[in-house]
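A.B. asks: Handing you this structure, nothing more for now.
The values are calculated or read from the model by the stated rules, or taken from the named source; none is laboratory data. Predicted, not measured: the structure shown is a model, and the values here were computed from it. So basically every Cβ, Gly included, is an ideal-geometry build from the backbone, and we count neighbours across all protein chains shown.
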Amino acid sequence: MRQTVIYCLLSIPLVVMLLWIYIEKWRKAKRDARREILRQTPSSAQWLAILQHDFALFSKLPSALQQTLLGHMHVFLEEKDIVGRNGFTVNERVKVLIAAQACLLIMNRPGDYYPGFRSILVYPETYLANSVRKEGLLEINSSSIRAGESWHRGPVILAWDHVLQGARDRRDGHNVVMHEFAHKLDEENASMDGLPILPTHTQYKAWSDVLNAEFSLLQHKMIDGFDDVIDSYGASSPPEFFAVVTETFFEKPQQLRRLHPALYEQFKACYMLDPITWLTEKSTEENDETIS
Ligand SMILES: [Zn+2]
């Protein structure tokens, strides 16, 4: 009798654990089913008009990828809250353009919809951000003008004028939404260190070798006063390098592949996309003219 009681008591944690696993599996299945329904939701004519008018990359995508992107946007907008700041009104155009640019990064990758946060705060234009950093016992307050930021496990903050400019110009190599959401991908594996979760385990060694070498190369070029297709801000840290090269990969793919072929291949494998193939013959010629 006493032994039976002991066995019963010992088995309680096991039962609780099995119940927890069952509930988690049930929740995930329910969430996946809901997401699948959302991905199949037809997109309105208003959405398509906004994308064709204001998101220059959208018309370059093959139609199958356009449909994939639209499906992901429905899930993204269901799961994230986009909130205006400083009197800014969030309308359908704001939602669609933020969702489209954010979902471009994840539309072909296995994974989630930027887990760990829900809020996207939108200012009408560049805003003043205050920050506090500690140096020993001292607390140093500073402020800077920003177009966007991504808080670790916290909100993404965006300036609408830069969101719109980034969407309309697909070739300038600057896109604040892609930049900040690349930081969100980076933090999915806990630390923000320039290493996102890669689609397969076998990719990590090559990623580390190539990214370390290219980051070091960019730092030396900046010190020596040379320009690169990758913006100099990428040389400030490995997380910024990943975010800046993401912008370059989608907006200047030909220049990136020509000047940094190994890096282009790593990003192609990371995003499971090849933006060069989206360019028409005419736009290929246009892009080549801008190579420096
Ligand atoms: Zn950044």
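A.B. asks: Name, by its number, the condition in (1) in contact with a Lys or Arg (Cβ under 6 Å, 6 or more places away or on another chain); (2) over 25 Å from D169 (Cβ atoms); (3) surrounded by fewer than 17 Cβ atoms within 10 Å (Cβ to Cβ) that does not hold for A56.
C.D. replies: (2)
A.B. asks: Still on this structure, I have one more. Tally time: how many residues in the stretch 111-137 are closer than 20 Å to H152 by Cβ and outside any strand (DSSP E or B)?
C.D. replies: Here the count works out to 8.
A.B. asks: Which one is farthest from the ligand (Cβ to nearest atom), of the residues in the stretch 139-163 that are surrounded by 17 or more Cβ atoms within 10 Å (Cβ to Cβ) and part of a helix (DSSP H, G or I)?
C.D. replies: Taking the candidates together, the pick is W160.
A.B. asks: Is it the case that some residue within the stretch 108-122 is surrounded by 13 or more Cβ atoms within 10 Å (Cβ to Cβ), within 15 Å of the ligand (Cβ to nearest atom) and modelled with pLDDT under 95?
C.D. replies: no
A.B. asks: How do the pairs read when you match residues in the stretch 165-185 that are under 21 Å from I50 (Cα atoms) with residues anywhere that are among the charged types (D, E, K, R) and within 16 Å of the ligand (Cβ to nearest atom), using Cβ under 7 Å and keeping only pairs 6 or more apart or on different chains?
C.D. replies: Short answer, once both residue conditions are applied: R170/E251; R171/E251; D172/E251; H174/E247; N175/E247; N175/E251; M178/E247.
A.B. asks: Here is a further query. State all residues of the stretch 40-53 that are more than 22 Å from P275 (Cα to Cα) and either among the polar types (S, T, N, Q) or loosely packed, with under 15 Cβ neighbours inside 10 Å (or both); if no residue qualifies, say none. Don't jump to the end; show me each part of the working.
C.D. replies: If we filter the stretch 40-53 for residues that are more than 22 Å from P275 (Cα to Cα), which is where we start, we get 40-47, 49.
Those that are more than 22 Å from P275 (Cα to Cα) and either among the polar types (S, T, N, Q) or loosely packed, with under 15 Cβ neighbours inside 10 Å (or both): Q40, T41, P42, S43, S44, A45, Q46, A49.
A.B. asks: Could you tell me how many of the residues in the stretch 236-255 are part of a helix (DSSP H, G or I), away from the ligand (no atom under 16 Å from the Cβ) and within 21 Å of R109 (Cα to Cα)? So that I can check it myself, show each step before the final result.
C.D. replies: First pass over the stretch 236-255, keeping only residues part of a helix (DSSP H, G or I): 236, 238-251, 253-255.
Filter again for away from the ligand (no atom under 16 Å from the Cβ), leaving 253-255.
Adding the requirement that they be within 21 Å of R109 (Cα to Cα) leaves 253.
Of the residues in that region, 1 qualify.
A.B. asks: Surrounded by fewer than 22 Cβ atoms within 10 Å (Cβ to Cβ), within 16 Å of the ligand (Cβ to nearest atom) and either at pLDDT below 95 or assigned to a helix (DSSP H, G or I) (or both), is that true of F181?
C.D. replies: Against the criterion (surrounded by fewer than 22 Cβ atoms within 10 Å (Cβ to Cβ), within 16 Å of the ligand (Cβ to nearest atom) and either at pLDDT below 95 or assigned to a helix (DSSP H, G or I) (or both)), F181 does not qualify.
A.B. asks: Further, regarding this structure: Is the stretch 48-59 home to any residue that is free of Cβ contacts under 8 Å to residues at least 60 places away in the same chain and of a type in the set (D, E, K, R)?
C.D. replies: no
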